[in-house]
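Everything on this sheet refers to the single structure shown next.
The values are calculated or read from the model by the stated rules, or taken from the named source; none is laboratory data. From a predicted model like this one, the values you see are computed outputs, not experimental measurements. Cβ placement follows ideal geometry from the backbone for every residue including glycine, while neighbour counts extend to all protein chains displayed.
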């Protein structure tokens, strides 16, 4: 497509269960220009099948990582994303690591590698997409599995990032253990701020997932799409 369309400047991506805001395309492209960003992410606003579940919108599994427009150090999802032509040319195919296929996280890995190559990331808080959230994703088992999976992905992406550097594996493991040790205290801070035990336990699950990844644990949620 890059070769066939010489005027092609940006690739914009949303998931197949999302609906873009009418101004989404314009806002994403404008953000790329005004921020001088090569890649721009935007919020995926959860729309719960049961309105009573709206209280879950602030849980880290569903909430956007940033609230304000600007340059950011990291992006994690391709669910609402603009990627510049220059990024695609520099990264080259295959763009996604197939090892993440059934777990997810190939997008996180791609974004991490893009940062390593020096590309600038941005966030456009105004370029929203609405994401349908079925009732099964509010179940405690699903949220716990997704939180653990986020930790596993974090370890795998960081290992790739540090590959070839001295003591890479040991540094990743030590960081994971430090995060696990700190996670109860981080959870208590979240509990005091949100009064939500489900939000408070999130850093514990993520840190545990990071450590479990060292022992080969992989939560491949996409192998059972009917449960995802």
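Worth a mention:
- Just one of the listed residues (141, 109) is farther than 27 Å from residue 85 by Cβ and either surrounded by fewer than 20 Cβ atoms within 10 Å (Cβ to Cβ) or outside the structural domain of residue 204 (by TED's automatic domain parsing) (or both), and it is 141.
- All of (1) modelled with pLDDT of 95 or more; (2) under 25 Å from residue 130 (Cβ atoms) hold for residue 17 with one exception: (1).
- Only listed residue being in a helix (DSSP H, G or I) and surrounded by fewer than 20 Cβ atoms within 10 Å (Cβ to Cβ), chosen from 115, 152: 115
- Under the condition of being free of Cβ contacts under 8 Å to residues at least 12 places away in the same chain and either in a helix (DSSP H, G or I) or surrounded by 14 or more Cβ atoms within 10 Å (Cβ to Cβ) (or both), the residues counted in the stretch 189-227 number 7.
- Scope the stretch 128-143; condition in contact with a strand residue (DSSP E or B) (Cβ under 9 Å, 6 or more places away or on another chain) and not in a strand (DSSP E or B); matching residues: 128, 134, 135, 137, 138
- Inspection of the stretch 156-174 finds no residue satisfying the criterion of being at pLDDT 95 or above, within 16 Å of residue 60 (Cβ to Cβ), buried (at least 16 other Cβ atoms within 10 Å of the Cβ) and not assigned by TED's automatic domain parsing to the domain that holds residue 55.
- When restricted to residues that are closer than 18 Å to residue 121 by Cβ and not in a loop (DSSP other than H, G, I, E, B), the stretch 73-98 contains 12.
- Being more than 20 Å from residue 119 (Cα to Cα) and in contact with a helix residue (DSSP H, G or I) (Cβ under 9 Å, 6 or more places away or on another chain) holds for only one residue in 61, 13, and it is 61.
- For residue 8: the one exception among (1) surrounded by fewer than 18 Cβ atoms within 10 Å (Cβ to Cβ); (2) within 16 Å of the chain's Cα centre (by Cα); (3) in contact (Cβ under 8 Å) with a residue 40 or more places away in the chain: (2)
- Check on residue 186, part of a helix (DSSP H, G or I), under 21 Å from the mean Cα position of the chain (by Cα) and under 22 Å from residue 109 (Cβ atoms): no
- Positions within the stretch 49-72 being part of a loop (DSSP other than H, G, I, E, B), at pLDDT 95 or above and surrounded by 12 or more Cβ atoms within 10 Å (Cβ to Cβ), in sequence order: 59, 60, 61, 62, 63, 64, 65, 66, 69
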